[in-house]
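The values are calculated or read from the model by the stated rules, or taken from the named source; none is laboratory data. These numbers come from a predicted model, not from an experiment. Please note: Cβ atoms are built from the backbone with ideal geometry, for glycine as well, and neighbour counts cover all protein chains shown. In case anyone asks, the SASA skips ligands and DNA or RNA and just uses the protein heavy atoms, side chains included. Shrake-Rupley method; radii C 1.70, N 1.55, O 1.52, S 1.80 Å.
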Amino acid sequence: DVAIWGAMAVFGLIFAATGRKLPQMHWAIWVLVGCLPVGLDGISQLISQITNTFIQSLLPYRESTPILRTLTGFLFGFSTAWFMFPLLEETMAETRRLSLLRVPSGTPCPYIDSGTAADDDRFDYISPVSCLQAIAGRPP
């Protein structure tokens, strides 16, 4: 767990340092680099501990080493963060764009907070998501 969360934190720092411009990792690379190693490590341990003589003859009892667990956990955490952080950034950019939307005064929306625009009284700033979606033409 520490390796997974630590790797996500490391990628988060790299992502922030690059100005949140890294492209999203392709899902197939995420599966191969992140999910497959940790999955093989865990499943091979699970199968080797089944008390069946045939399975024990194929796979001897196996326990993962701390180094292998750390390595597979780091790969999973780093690749998962690389897969998800750009996607989250793209989604949040859309939310930020909508939350800063300025509409002309008198726009019919029950959630408009009139009179908060100190710089221009002809516009109202709106923030509730349901109102933003209504103005953008999307169903709430």
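Note on A28 and T65: their simple-model spin labels are 3.3 nm apart, each label 7 Å out from Cα toward Cβ. Loop-resident GluC sites (Glu not before Pro) (DSSP state other than H, G, I, E or B) in segment 1-90 with no more than 16 further Cβ atoms inside 10 Å of their Cβ: E63. Shown in residue order for segment 50-58 are the 3J(HN,Hα) couplings computed by the Karplus curve 6.51 cos²θ - 1.76 cosθ + 1.60 at θ = phi - 60°: 6, 8, 10, 5, 5, 5, 5, 6, 7 Hz (x for Gly and Pro). Using a 1.4 Å probe over the heavy atoms of the protein chains, calculate the carbon and sulfur portion of the accessible area of segment 28-104 as a whole percent. Its accessible area is 77 percent carbon and sulfur atoms.
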